[in-house]
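The values are calculated or read from the model by the stated rules, or taken from the named source; none is laboratory data. Quick caveat: nothing in here was measured; it's all calculated off a predicted structure. Glycine also receives a Cβ, built like all others from the backbone with ideal geometry; neighbour counts cover every protein chain displayed. These accessible areas exclude ligands, DNA and RNA; they are computed on the full protein's heavy atoms, side chains included. Shrake-Rupley method; radii C 1.70, N 1.55, O 1.52, S 1.80 Å.
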Amino acid sequence: MEGPHLVLVFSGKRKSGKDYVTELIRERLGPDTCAVLRLSGPLKEQYAQEKGLDFQRLLDASEYKEKYRADMIAWGEERRNADPGFFCRIIIQGVTQLVWIVSDARRKSDIDWFLSSYGAVTQTVRVVASEETRKARGWIYTPDIDDADSECGLDQGTSFDWVITNNGDQESLDEQLHKLMDFIHSKLDSSV
């Protein structure tokens, strides 16, 4: 296996629309070309196994997940501190698509792992939305979650290759995505 031609590592605050944006890109590229990889998936699966919880319910935007979020974050931090690439290595197993989208990087160690593992084919993308927009999407500030490293770890000291503003203006979002899609296609065309 030759590996990815492009790795897009996405980050952003809760309710910024990371999943929405990454899904739009995957739809435009197609599932044969693009894989969306979620770091939170293996974290939640391992956490659910160890704690005897319902893994599927931890995946959705439910109160069930929110009830365990703080403990799950602390548990994930312990794993990452012991091995910063632990969750990264799990999500890339068996992925054969040319474009990988990591939809939920939350820490500098996540970005660093992909940069050190895939170098020049790695691009970082930050999805931003105003607090007002995030509140309209159901975000409520929660102490020990919204001020924790899992939400704030990439707020400073990280420069992003792309910043996408997602405040609900579809025309503006489409313009930004058009530029990113042109870049993605240029990488795919140059690697053929």
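Some values worked out for this structure:
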{"item": "Conditions (1) closer than 19 Å to Gly41 by Cβ; (2) under 13 Å from the mean Cα position of the chain (by Cα); (3) β-branched (Val, Ile, Thr): number failed by Val128", "result": "(1)"}
{"item": "Whichever residue in the range 109-128 is of a type outside the set (Ser, Thr, Tyr) and out of contact with any helix residue (DSSP H, G or I) (no Cβ under 9 Å at 6 or more places or on another chain) and, among such residues, is least open to solvent (accessible area, probe 1.4 Å)", "result": "Ile111"}
{"item": "Per-region count, the range 53-76, residues touching a residue at least 60 places away in the same chain (Cβ under 8 Å) and either among the basic types (Lys, Arg) or under 24 Å from Gln93 (Cα atoms) (or both)", "result": "3"}
{"item": "Failed item, numbered, when Ile90 is tested on (1) touching a Pro at 6+ places or on another chain (Cβ under 6 Å); (2) open to solvent by less than 20 Å² (accessible area, probe 1.4 Å); (3) of a type in the set (A, V, I, L, M, F, W, C)", "result": "(2)"}
{"item": "Candidate set from the range 93-105 (those that are of a type outside the set (A, V, I, L, M) and either in contact (Cβ under 8 Å) with a residue 40 or more places away in the chain or crowded, with 18+ Cβ neighbours inside 10 Å (or both)); member that is farthest from Val128 (Cα to Cα)", "result": "Thr96"}
{"item": "For Ser159: the one exception among (1) open to solvent by 30 Å² or more (accessible area, probe 1.4 Å); (2) assigned to a helix (DSSP H, G or I)", "result": "(2)"}
{"item": "Search result, residues across the range 164-192 that are in contact (Cβ under 8 Å) with a residue 40 or more places away in the chain and of a type in the set (Lys, Arg)", "result": "Lys187"}
{"item": "Tally, over the range 1-27, of residues that are part of a helix (DSSP H, G or I), closer than 15 Å to Trp100 by Cβ, open to solvent by 30 Å² or more (accessible area, probe 1.4 Å) and touching a residue at least 60 places away in the same chain (Cβ under 8 Å)", "result": "1"}
{"item": "Cβ-Cβ under 7 Å pairs, at least 6 apart or on other chains, the range 141-155 side over 10 Å from Ala70 (Cβ atoms), far side among the polar types (S, T, N, Q)", "result": "Leu154/Ser11"}
{"item": "Residue tally, condition charged (D, E, K, R), surrounded by 12 or more Cβ atoms within 10 Å (Cβ to Cβ) and free of Cβ contacts under 8 Å to residues at least 40 places away in the same chain, over the range 29-52", "result": "3"}
